[in-house]
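Read through the structure below, which is laid out as structure tokens, and then see the notes.
All of the numbers you see were taken from the coordinates with simple rules; none came from a lab. These numbers were taken from a predicted model, which means no experiment stands behind them. With ideal geometry, Cβ positions are generated from the backbone for all residues, glycine too; neighbour counts draw on all protein chains shown.
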Amino acid sequence: MYILRADVRENLAYAKKVKAALETGASPGDFPREDYEKTWQDRFTVADLNIHGKRALGMA
């Protein structure tokens, strides 16, 4: 996953979609639809984000 840096509306809308995908383990919209992380027990989650990741996804 890459993290956005520019503060523009398009990026915020995309960041919200990335956050939603991260919450469920789904593939982000600009990646092939594999969704293989949905079944991973110890996958990276929103709770694992540091402050920089949270800011990038519009959470802080």
Problem set entry | Where labels lie 7 Å past Cα in the beta-carbon direction, separation of A13 and V46 in nm | 2.1 nm
Seminar exercise, completed: Placing one equal point scatterer on each C-alpha of the chain and summing with Debye, one gets log10 I(q)/I(0) at q = 0.16, 0.24 Å⁻¹ equal to -0.48, -1.01
Exercise. So what is the relative contact order for the chain, in percent, with contacts set as C-alpha pairs under 8 Å and at least six apart?
Worked result: 37 percent
